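The values are calculated or read from the model by the stated rules, or taken from the named source; none is laboratory data. Since we're looking at a predicted model, the values are computed, not measured. Positions of Cβ are generated from backbone atoms using ideal geometry, with glycine treated the same way; all protein chains shown enter the neighbour counts. The protein model used for the area step is the full one, side chains on, heavy atoms only, and it has no ligands, DNA or RNA in it. Shrake-Rupley method; radii C 1.70, N 1.55, O 1.52, S 1.80 Å.
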Amino acid sequence: LARQRLLIKGGKVVNDDHSVVADVYVEDGVVRQMGPNLNPQPTTGLVVLDATNKLVIPGGIDTHTHMQFPFMGSRSKDDFYTGTKAAIAGGTTMIIDFAIPQKGCSLIEAFDTWKSWADPKVCCDYALHVAVTWWSNQVKEEMKSLVENKGVNSFKMFMAYKGLYMVNDEELYEAFSCCKELGAVAQVHAENGDLIALGEKKMLAMGITGPEGHEMCRPEEVEAEATQRAITIANAVNCPLFVVHVMSKSAARVISNARREGKVVYGEPIAAGLGTDGTNYWNKDWGHAAAYVMGPPLRPDPSTPGFLMNLLANDDLSVTGTDNCTFDICQKALGKDDFTKIPNGVNGVEDRMSVIWEKGVYSGKMDENRFVAVTSTNAAKIFNLYPKKGRIAVGSDADIVIWDPSATRTISAKTHHQANDFNIFEGMVCHGVSVATVSRGKVVYEGGAFNVTAGEGKYVSRPPFPPYVYKRVRQREQV
């Protein structure tokens with residue numbers, strides 16, 4: 001294999017802390033030089049990308065995906081090939097997916113299973129969070145082994161999906177304590193699973209079987225209460241907490257308040273919650289309404305997306321994922337007569353960057369540097385990938401996107417690269433388009449054409465005790 005050499009010329013390099021017009025020279029997948037008017041020799045075999053009047057940004061990191069996930073009697077449509085291919089088309093060069101064991105099953109086996117699905121298919125780099133769905137000494141030992149031997153530094157606990165994945169408060173306390181010991185980041189799906197289970201029965205008994213029942217049985221308070229409870233339990237053991245898919249104003253406020261009280265907690269709104277809302281659950285077309293069903297649900301208050309974006313812009317919320325978990329109309333129809341059987345999940349991996357640019361930067365809520373922070377850098381810092389990922393600097397991985405802030409595109413299921421027949425952002429016009437994507441120093445997507453093969457992405461190990469998260473935690477321990 002000849003050395004791969006790439007020169008990105010004339011663009012404005014945007015990191016989370018500053019922007020500067022500079023050329024970027026890449027060799028063997030790593031940024032080697034940055035500065036004005038670079039002229040690397042020899043010129044033979046050098047690929048040149050012209051980025052004049054465009055931004056050169058770190059590739060997006062999607063902190064939350066579920067590719068080919070077996071769930072609710074089906075399996076999500078996007079596998080690790082179509083999902084990561086769609087990701088690079090949208091300017092995302094790394095995803096973090098979830099290995100989720102059934103109750104009573106081995107965490108290490110789940111990790112190995114997901115890795116065996118991903119490795120031959122991924123088109124960009126990836127990592128895996130691992131879910132803790134039950135508690136025992138075996139789970140504790142396996143968490144330790146995953147951190148020490150498999151490069152895992154984050155574990156997710158579900159407070160919802162009663163009987164399937166949900167853990168109780170005592171198990172949360174044990175899991176948080178273990179995360180803290182191991183230097184891992186604890187994550188929670190924050191919804192009160194007991195209240196949801198009772199609410200579902202109540203709705204069905206009242207004859208409400210359509211998609212609107214899904215939102216009605218898990219209102220905002222159910223999310224806010226669980227968020228507050230998770231923060232309280234995490235604070236009791238001085239464990240850093242990452243709240244996934246923050247979907248409501250009230251849950252976001254809980255996180256915002258906790259951060260102001262000095263608690264080490266991070267909130268992750270997702271593309272769906274920032275770009276659309278839950279009024280769709282009342283759409284007369286059942287298929288349309290069902291397509292938006294996810295947990296926690298999108299909120300029917302149409303001012304929610306703007307509110308979440310304001311908090312994201314001002315660092316009350318920290319990063320953005322997608323919870324990309326696609327099911328087509330036929331799969332969603334499993335719940336035709338009972339909303340509790342509609343597979344939960346929406347798209348987003350391809351559209352996240354454009355949706356956030358449109359609703360965040362183009363709207364004037366955030367600048368280009370904050371955009372880079374919330375789509376890439378903060379995720380890299382929290383999950384200990386920084387500065388290899390999430391930054392364009394000498395020595396960083398060459399995961400780079402050339403972004404045209406003045407170009408527009410219209411999102412549609414007809415033109416997207418995801419394996420699904422529906423797009424929740426259908427018809428949205430977005431300013432800000434990825435014109436070229438570089439993964440590991442190779443131009444994998446340019447001008448609408450792919451140059452990538454399945455399995456080119458790599459699994460990325462993440463060491464424990466990310467300094468960005470644990471510096472404060474360790475200091476508090478000593479005090």
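Structure values in brief
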item	result
Beta bridge orientation in the range 1-148: antiparallel %, DSSP, nearest 5	45
Phi-based couplings in Hz for the range 144-152 (Karplus 6.51, -1.76, 1.60; Gly and Pro marked x)	4, 5, 4, 5, 7, 10, 10, x, 9
Per-selection metrics, the range 40-174 (Cα): Rg and Dmax in Å	18.7, 63
Charge dipole of the range 189-282 about the Cα centre (unit charges at C-beta), most positive-ward option of 205, 276, 255	255
With at most 15 other Cβ atoms within 10 Å, longest stretch of the chain clear of loop GluC sites (Glu not before Pro) (DSSP)	1-260
Accessible-area value, residue 50, 1.4 Å probe, nucleic acids and ligands omitted, Å²	110
For the range 305-463: accessible area per residue (Å², 1.4 Å)	32
With DNA, RNA and ligands ignored, accessible area of residue 452 (1.4 Å probe; Å², nearest 10)	20
Cross-link table 115/156; 54/388; 388/442; 85/115; 150/458; 180/263, entries beyond 19 Å C-alpha to C-alpha	54/388
Among beta bridges that DSSP assigns inside the chain, antiparallel share in %, nearest 5	50
Positive dipole terminus of the chain, leading residue within 355, 113, 146 (C-beta point charges)	146
Solvent-accessible ranking of 288, 245, largest area first, probe 1.4 Å	288, 245
The chain: angle of helix 193-205 to the longest principal axis, Cα-based, in degrees nearest 10	60
Accessible surface of the range 270-373, 1.4 Å probe, proportion on carbon and sulfur as whole %	51
Amide H within-cut-off set for residue 326, under 5 Å, with H built and near neighbours excluded	77, 78
Probe 1.4 Å, all protein chains present, accessible-area order of 54, 471, 144, largest first	471, 144, 54
Value of [θ]222 nm, deg cm²/dmol, for the chain, DSSP H segments ≥ 4, -39500 (n - 2.57) each, nearest 500	-9000 deg cm²/dmol
Hz values of 3J(HN,Hα) by residue in the range 252-260 - Karplus curve (6.51, -1.76, 1.60), Gly and Pro given as x	5, 5, 4, 5, 4, 5, 4, 5, 5
